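In what follows, a structure is listed as structure tokens, so that the remarks can point back to it.
The values are calculated or read from the model by the stated rules, or taken from the named source; none is laboratory data. Fair warning: this is a prediction, and the values are worked out from it, not measured in the lab. Quick reminder, even Gly has a Cβ in these numbers, built from the backbone with ideal geometry, and neighbours come from all protein chains shown.
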Amino acid sequence: MNIQQIRSDFPILSRTVYGKPLVYLDNGATTQKPRCVVESIADEYYSVNANVHRGVHFLSQQATELHEGSRETVRRFINARSTNEIVFTRGTTESINLLASSFGEAFMQEGDEVILSVMEHHSNIVPWQLLALRKGIRLRVVPMNDRGELLTDQYEQLFNDRTRIVGITQVSNVLGTVNPVGKMIATAHAHNVPVVIDAAQSIPHIPVDVQQLDADFLVFSAHKVYGPTGVGVLYGKEAWLDRLPPYQGGGEMIQHVSFEHTTFNELPFKFEAGTPDYIGTTGLAKALDYVTAIGMDNIAAYEHGLTNYAMRRLREIPGMRIFGEAAEKGSVISFLVGNIHHFDMGTLLDRLGIAVRTGHHCAQPLMQRLGIEGTVRASFALYNTREEVDALVAGIERVSQMF
Ligand code: PMP
């Protein structure tokens, strides 16, 4: 991988912050965008823009071809069997809300159970809690050890005849843990229970193959994989999506409407009410083409080396406490240093041009398990370098000396 060449594809990386070169280590929150993604958005607005699907005119047909071509790009990227299994949403959060609402409606009764892990993002907790309030279902939680690895034996013991669905993140946005989701799916299937994989933090970093995983549902956001904001994906096996009721009503999701009765469109349109972000889906497809051209295996290997280097360097800092020491770890490092509050560390690093995230990272139950309020989080992407890790380490050391 030619990192300098890659960095030149991301204009924002060459800007300064407070007169210092930007060191952008907040990729878990959102990634920066390569020129090809931004240009595809401008180009489509300038030269193709028209609403998709129902138009007979040239532009509408061209916009529809681009939009449906993007669906095919997503299908290929995650190796789904059919584009019928690719539902466009606004992001991971909306994908899970859609699923919790529609799956809950069709398949869950009072007293039924959902299994989640202790390291889920709020987006994979609260939609199920809303369902719990509506339907009286129970949440069961897979615990973890102190290294941040899920206890798979205990996971298996959570299944009973009321278990209806499992929701697990593939990579923790706080600990970086890469969970053994393939095995966890096999366990769930042995109990005839489907699984939704939150791939928000895995899709940008490791190859994801829904058929190999045998995932029933899988969700992710475009903006975390170098694509635009406001677009996401819900993958679902066709057999499951066919059995779920629509989530929102409106245009495109119908076949025929009368005041007496409405019939719904076929997949995937049944779940896509209203004008989709057809410009954003083109941006997502460009982003997926971009990482595919570099190679997801190459990206995974490069980031693995970078994360190992960062772990080694950070451990040298006196008072360093790292949260998440799993054997399988992605490119996210959460830490605290001595008694320095995470906000203070983040604010002072910012003054040095280093962007990190601080706080609970939308994973308050995990913070409770760790017995802390928050962490400082550095999260890497394919354009980060060892020099930037060195800048982070030097920055932390400088802040430490001030306390
Ligand atoms: N799940 C995980 C694991 C995440 O890291 C995030 C984003 N921080 C989300 C879900 C929510 O993604 P979005 O805000 O794009 O819907």
Residue check for Gly104: farther than 23 Å from Pro246 by Cβ and not assigned by TED's automatic domain parsing to the domain that holds Ser334
no
Quick check on my filter: what residues within the stretch 187-201 are within 15 Å of Ile96 (Cβ to Cβ) and either surrounded by fewer than 20 Cβ atoms within 10 Å (Cβ to Cβ) or of a type outside the set (Asp, Glu) (or both)?
Pro194, Val195, Val196, Ile197, Ala199, Ala200, Gln201
All positions within the stretch 214-229 that are more than 11 Å from the ligand (Cβ to nearest atom) and surrounded by fewer than 24 Cβ atoms within 10 Å (Cβ to Cβ)
Asp214, Pro228
Cβ-Cβ below 9 Å, separation at least six or inter-chain, first residue in the stretch 273-286 and among the basic types (Lys, Arg), second in a loop (DSSP other than H, G, I, E, B): which pairs?
Lys286/Pro34; Lys286/Tyr226; Lys286/Gly227
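Hand me the list of helices (runs of 4 or more DSSP H) wholly inside the stretch 337-403 holding 1 or more residues that are under 19 Å from Arg15 (Cα atoms). Even if it seems obvious, please write down each step before you answer.
Numbers: elements: 342-351, 364-370, 386-402.
Fully inside the stretch 337-403 and qualifying: 342-351, 386-402.
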Search result, residues across the stretch 354-388 that are over 18 Å from the mean Cα position of the chain (by Cα) and more than 27 Å from Asn145 (Cβ to Cβ):
Ile354, Ala355, Tyr383, Asn384, Thr385, Arg386, Glu387, Glu388
I need the strands (runs of 3 or more DSSP E) fully contained in the stretch 194-286, keeping only those with at least 3 residues that are aliphatic (A, V, I, L, M) and in contact with a helix residue (DSSP H, G or I) (Cβ under 8 Å, 6 or more places away or on another chain).
195-198
Taking the stretch 76-115 on its own, how many of its residues are away from the ligand (no atom under 16 Å from the Cβ) and at positive phi?
2
Count - residues of the stretch 371-382 that are surrounded by fewer than 23 Cβ atoms within 10 Å (Cβ to Cβ) and either away from the ligand (no atom under 16 Å from the Cβ) or aliphatic (A, V, I, L, M) (or both):
3
Ser70 - would you say it is buried (at least 18 other Cβ atoms within 10 Å of the Cβ), of a type in the set (S, T, N, Q) and away from the ligand (no atom under 16 Å from the Cβ)?
yes
Take Glu85 and tell me if it is surrounded by 17 or more Cβ atoms within 10 Å (Cβ to Cβ) and either among the β-branched types (Val, Ile, Thr) or modelled with pLDDT of 95 or more (or both).
yes
Just to verify a result, which residue in the stretch 309-347, among those that are away from the ligand (no atom under 16 Å from the Cβ), within 26 Å of the chain's Cα centre (by Cα) and in contact (Cβ under 8 Å) with a residue 40 or more places away in the chain, is surrounded by the fewest Cβ atoms within 10 Å (Cβ to Cβ)?
Ala327
For Leu314, all conditions in the list (1) in the same structural domain as Lys237 (by TED's automatic domain parsing); (2) part of a helix (DSSP H, G or I) hold save one; what is the number of the exception?
(1)
Any residue in the stretch 164-183 that's more than 11 Å from Glu149 (Cα to Cα) and within 11 Å of the ligand (Cβ to nearest atom): show its pairings with residues that are among the β-branched types (Val, Ile, Thr) and part of a loop (DSSP other than H, G, I, E, B) at Cβ separation under 7 Å, as long as the two are six or more apart or on different chains.
none
When residues of the stretch 116-140 are filtered for being within 16 Å of the ligand (Cβ to nearest atom) and over 19 Å from the mean Cα position of the chain (by Cα), how many remain?
2
Per the filter on the stretch 121-145, residues under 19 Å from Gln248 (Cβ atoms) and in contact (Cβ under 8 Å) with a residue 40 or more places away in the chain are Ser123
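State whether one or more residues within the stretch 348-360 are of a type in the set (S, T, N, Q) and buried (at least 16 other Cβ atoms within 10 Å of the Cβ).
So the first thing to find is which residues in the stretch 348-360 are of a type in the set (S, T, N, Q), and the list is 358.
Still in the list and also buried (at least 16 other Cβ atoms within 10 Å of the Cβ): 358.
Within the stretch 348-360, one or more residues are of a type in the set (S, T, N, Q) and buried (at least 16 other Cβ atoms within 10 Å of the Cβ).
Given the condition within 30 Å of Pro34 (Cα to Cα) and either more than 13 Å from the chain's Cα centre (by Cα) or more than 15 Å from the ligand (Cβ to nearest atom) (or both), answer yes or no: does some residue in the stretch 185-194 qualify?
Step one: filter the stretch 185-194 for residues within 30 Å of Pro34 (Cα to Cα), giving none.
No, the stretch 185-194 contains no residue that is within 30 Å of Pro34 (Cα to Cα) and either more than 13 Å from the chain's Cα centre (by Cα) or more than 15 Å from the ligand (Cβ to nearest atom) (or both).
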